[in-house]
C-alpha cells in the first residue's frame, strides 16, 4: 500500500508536489508469477477463475443497483458535499484495494460519485453497462464492449477509484492522439476527485517524465511506457535490491528528487484500452533500445553496400528461405557454399567471418524481401522512418538495430545513418506481466480469450450493448484483379456520395490508400486521405468524416479508438458507410474498422470489397489455398474463394500466435542466462 499526503478534492492539483511512497514499497510483480496455461498451476488458476466468474457478474449487478439507489441523493448535493464523500471514501478504497476479493459495497458509492461528477463537468453520464465494464476491470479482467459503447468514459470509474486508493494508475492507449485526446477530455473529472493526472506522449521531454509518473493517473501509450521502463532498467541495472531507492526515500522530499519513477512507485495498476492490440498484436516484436556505435569500431566499419550486393546474388528458395510470420530469413546449405564463392579476397573481416557474414546477409535479405516501402517504412526527405503496422503511424524516433536500418537505407538509396547496437531488450508479454494488476477493454477480445488467460491470467467478460445494434452489412464483393476492385470502389463511392452519405474506405497500407485515392481523383470525387504520410490534421479530418457526402480514405490510423460523429442528416440517411478494401492478417483488425460505423445505436453499413490480388493472398498465401481460391473463382463460386481467404487469415493468426509464444520463451531463456546482470534489460 502506498502512503502519501493527498490534496483536497475540488482544489486544483499541484503538478510539482512529491508523492512519497512508504520505504518498503517496491511495486513490480515477478513476471513468472503467472503460470503458463499448459502447466498444472496454470490449469488450476484457469479453473478457479472460471468458477469465480458468475460471482463477479452477480456482484457487478448488485453494484449497479447500489449506485442507482444513491443517484437521487447525489444529484441534490453541491460540490462541497461531494468532496466530503470523496474524503470519507478514500481510506475505505485503500483498504478495499488491498483485499484479494473486491466487494461491490466498497465501490458502489465512489462509482456513483464519479458518475455524478462526470455528468456535471463533461456532460456525460455513465450507463449501467459502462459501470458493469468498470467493475469487471476493477477485478483484473478484460471487458469486451462493442465498438462505440464508450470505453473511454469507463476508464474514469476504474482509474478514479484505484487512484483514490493510493495506487498509481497507467491508462494505456495505442497512440499519442488518443492518449492526449482522452487526457484533455477527462481531466476535469480526475481533478475534481483531487487526483493529479498527466499525459506522456512522444513529444514529452525526458526531463519532465519522472515528475509526471509521480502523479496518480497517467495517460500514455504502450510504447512510451515500456521504453521508459526499459531505459530506467538499463540505467539502474548496477543497483540490486532497490537499496539505493530505499535510502533515497528516507531523505526529505526536497533533497530526494524522483529520478527513477518505476523503481519508486512500481507497476501497480494498468488499464489498457484496445487491450488485444497491445497485448496480442504488438507482442510479436520485442522492444529494443539501441545506441550508436563508434565510427572507428568494428560495427562502424561495415560496408553495407557490399553486404547488400552479395545478398542480392543469392537465389530465393534455393539459397535461402523466407519465413513470413517470424519475419526471418534462413540461409540453406547451398546458400552457404554460394556465399563462400561470392566473397572476394579484398572483402573486409565481416564477410570473411562465417557467423557474422551469415547474420549480415540474412539481415540484408530481410530488408529486401520482408520490408516494403509505404507498408513497413516510409522514405521522406532522404530518411527512412518506421511505420507502426498496428496503428499505421510513423515512429520518427525509432530505428531498427543490428544493421537492419542501414541495409534498408541501402535498398532505398538514401544516406546511411550510423550503425546501432542493442543495449536493452524486453517483450511486451514480460513487461505487462509485471503489473500487480492488469485490466483492459476492447471490442474484440473473445477471439483471443485463451491467450489472454494463458499469458496474462486475464478473464474476458462480455458487456451487453446499451442500445440495439443498427449496423447493416451489404453483400460481399470479390474480384479477380485489383483494378476491377478499384473500378467498383470508385463507382460505389460515387453513388453513395450522390446520396449524401459519408463514406470511410479502409486500406491496408499507405500504398493501397494511394491507389484508392488516385481512383477517386480520376472520377472527380473530393476526398481526404489519412495515413502515415498525411496525418498532420488528423483531428480535423476525423471531425468532418461523418458529415454529409464526406469521403475518407484511411489506413489503420482511423481504426481503433477513432470516433466518427454523425450529424442528424447523415444519421437519417443511414449513417456512415464503411468499405473494407482488404482483409488484414488479423480478423480483429477488420472488426475494428467495421466498428467505426453503427456506434452507440447509430445506423451504419459495412461493405467488404476484395480481390484475388490483395496482399493477404498475393504475397502471404499458402500455395494450396491460393490455387484452391483460383479454381473456385473460375467455377463461379466466389463464396468458396472467400472461405479460402478467411482460411489464410486464420493460418496467419496461428503463425503469429506461435511467434509470440516463441518470443516469450526466448526472452525468458535469455533473462535466465543473464540473470547475474538483473535480466536481459
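Scanning the range 425-443 for residues that are farther than 22 Å from residue 135 by Cα and outside any loop (DSSP other than H, G, I, E, B) yields a total of 6. Is it the case that some residue within the range 368-388 is touching a residue at least 12 places away in the same chain (Cβ under 8 Å), surrounded by 22 or more Cβ atoms within 10 Å (Cβ to Cβ) and under 25 Å from residue 458 (Cα atoms)? Within the range 368-388 (the criterion being touching a residue at least 12 places away in the same chain (Cβ under 8 Å), surrounded by 22 or more Cβ atoms within 10 Å (Cβ to Cβ) and under 25 Å from residue 458 (Cα atoms)), the answer is no, since none of the residues qualifies.
Those helices (runs of 4 or more DSSP H) of the range 211-322 in which 1 or more residues are on the phi < 0 side of the Ramachandran plot, surrounded by 17 or more Cβ atoms within 10 Å (Cβ to Cβ) and modelled with pLDDT of 90 or more occupy 222-235, 275-279, 304-311.
For residues that are assigned to a strand (DSSP E or B) and surrounded by 24 or more Cβ atoms within 10 Å (Cβ to Cβ), tally how many sit in the range 145-171. Talk me through it step by step, then tell me what you get.
If we filter the range 145-171 for residues that are assigned to a strand (DSSP E or B), which is where we start, we get 169-171.
Among the residues that remain, those that are also surrounded by 24 or more Cβ atoms within 10 Å (Cβ to Cβ) are: 169, 171.
Residues in the range 145-171 being assigned to a strand (DSSP E or B) and surrounded by 24 or more Cβ atoms within 10 Å (Cβ to Cβ): 2 in total.
Note on the range 102-140: among residues that are under 29 Å from the mean Cα position of the chain (by Cα) and in a loop (DSSP other than H, G, I, E, B), the one that is surrounded by the most Cβ atoms within 10 Å (Cβ to Cβ) is 126.
There is at least one residue in the range 187-194 that is without any contact (Cβ under 8 Å) to a residue 24 or more places away in the chain and assigned by TED's automatic domain parsing to the domain that holds residue 96.
If I filter the range 444-462 down to residues being assigned to a loop (DSSP other than H, G, I, E, B) and either surrounded by fewer than 22 Cβ atoms within 10 Å (Cβ to Cβ) or outside the structural domain of residue 136 (by TED's automatic domain parsing) (or both), which single residue comes out as modelled with the lowest pLDDT?
457
The condition of being in a helix (DSSP H, G or I) and touching a helix residue (DSSP H, G or I) at 6+ places or on another chain (Cβ under 7 Å) holds for residue 66. Might you check whether a residue that is surrounded by 18 or more Cβ atoms within 10 Å (Cβ to Cβ), within 24 Å of residue 565 (Cα to Cα), touching a helix residue (DSSP H, G or I) at 6+ places or on another chain (Cβ under 9 Å) and assigned by TED's automatic domain parsing to the domain that holds residue 616 occurs anywhere in the range 474-488? No: zero hits. Could you please find all residues in the range 489-523 being farther than 21 Å from residue 591 by Cβ, under 29 Å from the mean Cα position of the chain (by Cα) and surrounded by 22 or more Cβ atoms within 10 Å (Cβ to Cβ)? Result: 510, single match.
Being in a loop (DSSP other than H, G, I, E, B) and modelled with pLDDT under 85 is the filter here, so list the residues in the range 323-341 that pass it. Those that are in a loop (DSSP other than H, G, I, E, B) and modelled with pLDDT under 85: 324, 325, 326, 327. For the range 312-323, which positions are within 12 Å of residue 367 (Cα to Cα) and within 34 Å of the chain's Cα centre (by Cα)? Within the range 312-323, just 322 meets the criteria. If the condition is being exposed (fewer than 14 other Cβ atoms within 10 Å of the Cβ) and under 13 Å from residue 111 (Cβ atoms), then the range 62-78 contributes 65, 69, 71. Just checking, which of 677, 658 is out of contact with any helix residue (DSSP H, G or I) (no Cβ under 9 Å at 6 or more places or on another chain), at pLDDT 80 or above, farther than 21 Å from residue 512 by Cα and loosely packed, with under 15 Cβ neighbours inside 10 Å? Result of the check over 677, 658: 658. Within the range 400-423, restricting attention to residues that are surrounded by fewer than 21 Cβ atoms within 10 Å (Cβ to Cβ) and in contact with a strand residue (DSSP E or B) (Cβ under 7 Å, 6 or more places away or on another chain), the residue that is nearest to residue 359 (Cα to Cα) is 402. Might you check whether a residue that is under 30 Å from residue 447 (Cα atoms) and part of a helix (DSSP H, G or I) occurs anywhere in the range 85-96? Within the range 85-96, not a single residue is under 30 Å from residue 447 (Cα atoms) and part of a helix (DSSP H, G or I).
Selection within the range 172-199: residues that are under 15 Å from residue 272 (Cα atoms) and assigned to a strand (DSSP E or B). The member of this set that is nearest to the chain's Cα centre (by Cα) is 173. Condition (residue is over 20 Å from residue 444 (Cα atoms), part of a loop (DSSP other than H, G, I, E, B), at pLDDT below 90 and not assigned by TED's automatic domain parsing to the domain that holds residue 221) applied to the range 537-545: is it met by at least one residue? So far as the range 537-545 goes, yes, one or more of its residues are over 20 Å from residue 444 (Cα atoms), part of a loop (DSSP other than H, G, I, E, B), at pLDDT below 90 and not assigned by TED's automatic domain parsing to the domain that holds residue 221.
The values are calculated or read from the model by the stated rules, or taken from the named source; none is laboratory data. A quick note: this is a predicted structure, and the numbers were derived from the prediction, not measured. Virtual Cβ from ideal backbone geometry, glycine too; neighbours counted across all protein chains shown.
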